1. Would you tell me the accessible area of residue 210, worked out with a 1.4 angstrom probe on the heavy atoms of the protein chains, in Å² to the nearest 10?
2. Cut-off under 17 Å on the C-alpha distance; same-chain residues fewer than 8 positions from residue 184 excluded. Which lysines are left, in chain and number order?
3. Nearest 10 degrees is fine. How inclined is helix 4-18 to the longest principal axis of the chain, computing both from alpha carbons?
4. Can you give the alpha-carbon Rg of region 13-72 over 2.2 N^0.38 Å, where N counts its residues?
5. What number comes out for the charge environment of residue 149, summing +1 per Lys or Arg and -1 per Asp or Glu over other residues with Cβ under 11 Å away?
6. Using a basic spin-label model with each label point 7 Å from the Cα along Cα→Cβ, how many nm lie between residue 211 and residue 258?
7. Compute the relative contact order of region 1-70 as a whole-number percentage, counting only Cα pairs closer than 8 Å that sit 6 or more residues apart in sequence.
8. If you add up the charges near residue 99, with Lys and Arg at +1 and Asp and Glu at -1, over every other residue whose beta carbon is less than 15 angstrom from its beta carbon, what do you get?
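The values are calculated or read from the model by the stated rules, or taken from the named source; none is laboratory data. In this text, all values refer to a predicted model and were calculated from it rather than measured experimentally. Positions of Cβ are backbone-derived with ideal geometry, glycine not excepted, and every protein chain shown enters the neighbour counts. Please note that ligands, DNA and RNA were not included when accessible areas were found on the heavy atoms of the full protein model with its side chains. Shrake-Rupley method; radii C 1.70, N 1.55, O 1.52, S 1.80 Å.
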Amino acid sequence: MPEGPEIRRAADRIEKQLLGGPIEDAWFAFDELKPHAASLIGVSVRCVDTRGKAMLIRFTDQRVLYSHNQLYGVWKYHRATTEPATHRSLRARLVVQGRAASLYSASDISMWDADSLQQHPFLARLGPDVLSQPVNINTVTERLTLPAFHRRGLGGLLLDQSFIAGLGNYLRSEILFFAALHPKCRPYDLGNAQIQRLAQHIVDVTWQAYRQAGVTNTEDWIKKAKELGEARRQWRFAVFARVGLPCHRCATSIERIKVGSRRLYLCPRCQRNA
């Protein structure tokens, strides 16, 4: 499933595709959305933003198209006169000045009024979004100390969208590695310096993944990994997907474990479970 940085980058592309004029054509696959198609003609897209892994296309008439890609959804950007080469099922399409944005395979799509959007059952449960809201280290530090979160293992907490929205599996591994913390550690067990370091990496790694298209590794370590012949799917990360390869810090072999039924990568030396 795409994580927050990937959805934010997709939102940027959709916004670029659909700004600049009124909607010329709209199409929806689902019956509950079909009545909106005709009434969107002539309305403009105001902006496209995100909350975690959900995308929000905001129109000038205060309607908002909510979508969540889940496992299989994908947006494609193309000329309205050219169909993308895909076997996926088209779910929604918007066209502006001959440019189209088409959503395929997603099933979680709905239209909302801007004033009632926070009543959406998914959005109502989300924590703050590092990429789309004013979230800083102090925000994250405060959340780590809340009773709902401070006695939970970090391996599970970092996937809980009510803690910080948009974090996912690769971000979890990378954040814990850079913070030098084992996934079984709890915020309750950490000193102030460790809490601050963890909060810093939650913010910094997420922003780096957004700005560098999913690359969370450091420049020096990337150069080293390339010299060793690592593929992009490995050198883009510090630990994720690098099982059996040497840790960039200490050369210990990276291990893969399961936490919350999902794979997590760590250095057993740098991230000892105290």
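1. Rounded to the nearest 10, the figure is 50 Å².
2. 258
3. On a 0 to 90 degree scale, this one is about 30.
4. Working: Rg = 11.7 Å, N = 60, 2.2 N^0.38 = 10.4 Å.
The reported ratio for this selection is 1.12.
5. Details: positive: 143, 151, 152, 186; negative: 142, 160.
Cβ neighbours under 11 Å give a net charge of +2.
6. 3.8
7. On the way: 104 pairs, mean separation 22.7, N = 70.
After rounding, I find 32 percent.
8. Details: positive: 13, 16, 76, 79, 93; negative: 12, 15, 24, 25, 83.
With Lys, Arg at +1 and Asp, Glu at -1, the neighbours total 0.
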